[in-house]
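Participant: Pasting a structure below so you can have a look.
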Amino acid sequence: MPTSPPRHAVATACAAALTLSALLTGAAAAQPAAAATPAGYQNVRINEVTSSGNDTVELYNTGPTAVSLSGWKTSDDSFSPQAFTPSSTTIPAGGFVTFNSPKGLGDADKLVLYTSDGTVVDRVEWATDAAKPALARCGGDGTGAWVVTTAATTFGARNAPGCPSSAPASSRIRINEVTSNGSDTVELYNGGTSAVALGSWKYVDGDTAHTPVSLASSSPSATTVPAGGYVTFPSTLGLGDNDSLFLLDASGSSVDSVTWATDGAKPSAERCADGTGWFRTATTATPGGPNSCSGSGGGGGGGGQTGQLLGGGGSLTSGCAPEAPSGTGSAPAGTLAWPGGLDVTIADTVCAFTTSTGPEGRDLSGLAFDPGNPSVLWAVKNKNWLYKLVRSNGRWVPDSSWSASGKQIRFAGGSGQPDSEGLTVGGDGHLYVTSERDNASNTAPKDTIMEFDPAATGATLTPLRQWDMTAQFPQLDTGSKDDANLGFEGVAYVPDSWLTANGWVDPRTGSAYAPARYPLHGSGLFFAGLEWDGTLHVYGLDSDGTYTTFGTVSTGKGSVMDVLFDAGTQRIVATCDNTCGETHTLLKVGAGGAIVPDATYTNPAVMPTDNLEGFALAPVSTCANGSREAVWSDDGSYGFGSGTTSFGHALYSGTFPC
């Protein structure tokens with residue numbers, strides 16, 4: 001991690017980062033909101049329900065401010081609104097509150113949530129025993145589609161661990177746009193890969209006196225939503241200000257909903273992006289086609305066009321000293337908006353990565369999901385420490401069965417303090433870690449790749465093998481610790497199968513890459529990112545300790561901080577921090593057989609502009625409702641600065657399309 005040195009060859013031909021648009025869906029309102037209705041009520045969502053005896057309900061606040069639950073009530077199919085006792089009378093922004101239903105919930109039931117003045121906030125319905133073990137929103141707390149959970153309930157925490165890995169196709173149907181300006185038109189969008197028949201599906205608004213109306217009666221031609229396509233129909237219920245819309249499948253179970261406060265659906269309330277984003281007020285209605293995303297936030301429930309940064313808090317521990325970012329630059333021209341969800345969650349405890357060589361808790365850098373066990377996230381700290389992280393209460397924490405405080409790593413022979421920056425999991429399941437220099441002698445570069453066995457015991461790990469490429473980078477050997485600190489910043493293992501299937505041309509021979517020519521290299525090549533100039537250096541790491549150089553790849557950026565191979569997008573991803581506007585460049589094999597940039601994306605706009613040096617995408621096996629986890633690491637743990645809830649935190653969690 002460069003603490004304050006000037007960055008070399010930083011890209012200067014850049015455009016301002018695009019502002020990410022959109023607000024995800026909020027909740028529901030039945031009648032015009034009275035003065036007693038608490039501000040932000042439409043952002044509170046029913047998030048998880050069980051009817052297996054304890055009849056527990058979880059609420060989630062998608063909005064930017066806390067909401068008072070004082071005097072709120074619930075009802076079901078058989079009992080009138082009843083008061084309940086929440087775990088907290090106030091639900092914080094991005095927070096959860098749970099309670100037990102005051103009356104028993106059963107099969108083929110529903111739950112309606114009201115404010116103290118009787119305004120409907122949200123409602124969920126289920127058929128037969130769908131709420132056993134539980135119903136939960138998957139694909140985003142408070143915003144995802146309702147599905148039956150396949151694992152233990154997650155009351156008071158994120159739903160992702162309880163979401164099925166393969167959700168039904170019907171759960172990809174989302175309410176995508178609604179108008180309440182007289183035309184009262186509803187648009188549905190199918191974000192899945194197969195068509196979905198609407199059959200006997202129904203809809204209803206926020207008026208509890210109304211019974212659900214069949215889509216077929218409103219629009220006989222609206223029978224099927226094609227994959228990636230749209231269907232529109234007119235609402236016959238009459239939609240107005242402070243209203244909502246609920247979509248039910250053929251069994252009577254809830255699929256999706258949207259709420260708008262005041263005149264949020266005039267001219268329309270629309271998701272940005274289609275099928276996944278927050279709802280917002282649009283300036284132009286676009287029924288039957290992609291949403292315009294040209295309006296302003298606030299139409300539906302939610303927290304603004306840039307999403308919400310959720311969680312955080314806690315006090316700095318003794319000696320923990322976050323470091324402000326350095327080297328801020330602009331994003332490359334043509335950079336696109338983040339394609340995933342706009343909400344981001346702080347995903348670690350404050351000052352979590354303090355060690356004997358880094359007592360201030362900073363310098364967490366490279367990240368990599370374990371493809372053999374996607375519930376494990378590996379992390380490396382610049383000051384020679386390796387962590388195995390697992391999920392606990394919605395956060396990534398050190399796995400105590402491996403090491404509760406991380407394991408220290410050394411160079412071959414057990415010496416030195418590797419300035420460890422990047423890591424990847426190889427085809428053999430071993431961890432490959434890059435180092436820029438030896439922190440015990442930090443004015444000289446030591447650009448190496450080290451192989452570690454994660455199953456090795458003991459508190460200190462030494463490499464099984466080590467490959468030293470220092471001699472290839474004389475420009476870093478100037479006697480300056482700043483220049484020595486601009487070497488290997490990230491690394492990715494790229495399978496031979498991807499290189500051959502995509503027609504990569506071997507730079508050494510000028511012909512199609514033939515792995516058999518290199519019998520000692522294993523099953524793939526390693527792409528090491530050089531911070532100095534943003535290039536990727538390609539190596540075959542041979543089992544005898546030698547290596548083969550396969551040239552370089554230009555990322556189109558002046559620097560690179562992390563590298564990964566993503567099987568989901570079938571792309572190599574080169575990440576740059578604030579030096580290049582917090583961007584991720586996806587690279588592919590081009591028509592000529594060379595690896596070239598394909599597209600560049602920003603981070604979610606809600607995130608801080610820091611030295612975010614680590615980036616990892618969860619394997620596609622974890623996908624739920626079209627999304628999977630993305631994780632970032634801030635090696636300065638600075639967040640938005642002193643006094644903010646992100647100060648002292650290193651990990652951020654968001655979502656990325658499958």
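Participant: In Å², and per residue, what accessible area does the stretch 497-632 have when probed at 1.4 Å with the other protein chains present?
Facilitator: Working: 4040 Å² over 136 residues.
Result: 30 Å² per residue.
Participant: Same structure again: Taking the Cα centre of the stretch 508-658 as the origin, how large is its charge dipole in debye, to the nearest 20, when only Lys and Arg (+1) and Asp and Glu (-1) carry charge on their Cβ atoms?
Facilitator: Roughly 580 debye, rounded to the nearest 20.
Participant: Which listed residue (VAL120, PRO133, THR552) has the Cα farthest towards the positive end of the charge dipole for the chain, taking +1 on Lys and Arg C-beta and -1 on Asp and Glu C-beta about the Cα centre?
Facilitator: Going by the charge dipole, the pick is PRO133.
Participant: Sticking with this structure for a sec: Given a 1.4 angstrom probe, I'd like the percentage of the accessible area of the stretch 445-486 that is carbon and sulfur, rounded to a whole number. Provide the component values of the computation, followed by the final result.
Facilitator: Details: 870 of 1770 Å².
Taking all protein chains in place, the stretch 445-486 shows 49 percent carbon and sulfur surface.
Participant: Continuing with this model, one more query. Sorted by mean Cβ packing within 10 Å, highest first, what order do the peptides 100-106, 545-551 take?
Facilitator: Details: 100-106: 16.9, 545-551: 15.3.
Most protected by this proxy first, the peptides run 100-106, 545-551.
Participant: Turning to a different aspect of this structure: Of the listed pairs LYS202/LYS266; LYS73/LYS266; LYS557/LYS588; LYS446/LYS588, which have alpha-carbon separations greater than 27 Å here?
Facilitator: Working: LYS202/LYS266 23 Å; LYS73/LYS266 29 Å; LYS557/LYS588 15 Å; LYS446/LYS588 30 Å.
The answer is LYS73/LYS266; LYS446/LYS588.
Participant: Taking the Cα centroid of the stretch 394-418 and of the stretch 606-648, what is the distance between the two, rounded to the nearest whole Å?
Facilitator: Using only Cα atoms, the two centres lie 21 Å from each other.
Participant: Rounded to the nearest 20 debye, what is the charge dipole size of the chain about its Cα centre when +1 sits on each Lys and Arg Cβ and -1 on each Asp and Glu Cβ?
Facilitator: Values: 33 positive and 60 negative charges, 64 e Å.
The calculation lands at about 300 debye.
Participant: From the list [x] 43, 27, 24; [y] 45, 33, 26; [z] 47, 26, 22, can you say which value of semi-axes √(5λ) of the Cα gyration tensor in Å was derived from the structure given?
Facilitator: [z]
Participant: Among 509-519, 457-467, 331-341, what's the highest-first ranking by average C-beta atoms within 10 angstrom per residue?
Facilitator: Working: 509-519: 12.3, 457-467: 16.0, 331-341: 20.1.
Ranking the peptides 509-519, 457-467, 331-341 by packing returns 331-341, 457-467, 509-519.
Participant: Give me the number: length gained by fully extending SER405 to THR546, i.e. 0.36 nm times residue separation minus the C-alpha to C-alpha distance, one decimal in nm. All intermediate terms of the calculation are to be shown ahead of the outcome.
Facilitator: Numbers: separation 141, 0.36 × 141 = 50.76 nm, distance 3.30 nm.
Gain on stretching SER405 to THR546: 47.5 nm.
Participant: Tally up the carbon and sulfur contribution to the accessible surface of the stretch 513-592 as a whole percent, 1.4 Å probe, everything protein left in place.
Facilitator: Details: 1200 of 2230 Å².
The computed percentage sits at 54.
Participant: Using 13 Å as the cut-off for backbone N distance, which residues of the stretch 230-255 belong to the label zone defined by a point 7 Å from the Cα of SER52 along Cα→Cβ?
Facilitator: Label zone hits: none.
Participant: Separate question: Could you give the length gained on full extension between ALA444 and ASN393, defined as 0.36 nm per residue of separation minus the Cα-Cα distance, in nm? Intermediate values should be presented prior to the final figure.
Facilitator: Numbers: separation 51, 0.36 × 51 = 18.36 nm, distance 4.21 nm.
Extra length available between ALA444 and ASN393 comes to 14.1 nm.
Participant: If you don't mind, there's one more thing I want to ask. Can you give the FRET efficiency for THR224 and SER166, using 1/(1 + (r/R0)^6), R0 = 25 Å, r = Cβ-Cβ distance, to the nearest 0.05? List each step's numbers first, then the result.
Facilitator: Numbers: r = 21 Å, r/R0 = 0.85.
The formula returns an efficiency of 0.70 here.
Participant: Taking the Cα centre of the stretch 364-483 as the origin and placing charges on Cβ (Lys, Arg +1; Asp, Glu -1), which of THR443, GLY394, GLN472 is farthest toward the positive end of the dipole?
Facilitator: Value: GLY394.
Participant: Sort 77-86, 136-145, 321-330 for me by packing, meaning the mean count of neighbouring Cβ atoms within 10 Å per residue, highest on top. All intermediate terms of the calculation are to be shown ahead of the outcome.
Facilitator: Values: 77-86: 12.5, 136-145: 27.1, 321-330: 17.5.
Order by mean packing, descending: 136-145, 321-330, 77-86.
Participant: Follow-up. Report ³J(HN,Hα) in whole Hz for each residue of the stretch 361-376, in order, from the Karplus equation J = 6.51 cos²θ - 1.76 cosθ + 1.60 where θ = phi - 60°; Gly and Pro get x.
Facilitator: So the Karplus estimates, Gly and Pro as x, are x, 8, 6, 6, 10, x, 10, 7, 6, 7, x, x, 8, x, 7, 10 Hz.
Participant: Could you work out [θ]222 nm for the chain from helices alone, using -39500 (n - 2.57) per DSSP H run of at least four and dividing by all its residues? Round to the nearest 500 deg cm²/dmol.
Facilitator: -500 deg cm²/dmol
Participant: Could you work out how far apart the two model spin labels at ASN373 and LYS588 are, taking each label as a point 7 Å from the Cα in the direction of the beta carbon, and quote it in nm?
Facilitator: Distance between the two pseudo-spin positions: 3.5 nm.
Participant: Subtracting the Cα-Cα distance from 0.36 nm times the residue separation, let me have the gained length for SER183 to SER87 in nm, one decimal. Numbers along the way, then the final one.
Facilitator: Working: separation 96, 0.36 × 96 = 34.56 nm, distance 4.17 nm.
Value of the extension gain: 30.4 nm.
Participant: I've got another one for you. Going by Cα centres, the stretch 547-572 and the stretch 426-495 are how many Å apart?
Facilitator: 17 Å
Participant: While we're looking at this one, here's another question. What's the center-to-center distance, using Cα atoms, between the stretch 41-93 and the stretch 304-353 in Å?
Facilitator: 29 Å
Participant: Considering Cα pairs under 8 angstrom that are at least six residues apart, work out the relative contact order of the chain and quote it in whole percent. Each step should come with its number before you reach the end.
Facilitator: Details: 2013 pairs, mean separation 90.9, N = 658.
Value for the chain: 14 percent.
Participant: Quantify, in whole percent, the carbon and sulfur part of the accessible surface of the stretch 363-411 (1.4 Å probe; protein heavy atoms only).
Facilitator: Of all accessible area on the stretch 363-411, carbon and sulfur atoms account for 44 percent.
Participant: Out of SER642, PHE84, GLY229, whose Cα points farthest toward the positive end of the dipole of the chain (charges: +1 Lys, Arg; -1 Asp, Glu; placed on Cβ)?
Facilitator: The one lying farthest along the dipole's positive direction is PHE84.
The values are calculated or read from the model by the stated rules, or taken from the named source; none is laboratory data. Nothing here was measured: the structure is a model prediction, and the numbers come from that model. Virtual Cβ from ideal backbone geometry, glycine too; neighbours counted across all protein chains shown. Just the protein is used for accessible areas: all its heavy atoms, side chains included, with ligands, DNA and RNA removed. Shrake-Rupley method; radii C 1.70, N 1.55, O 1.52, S 1.80 Å.
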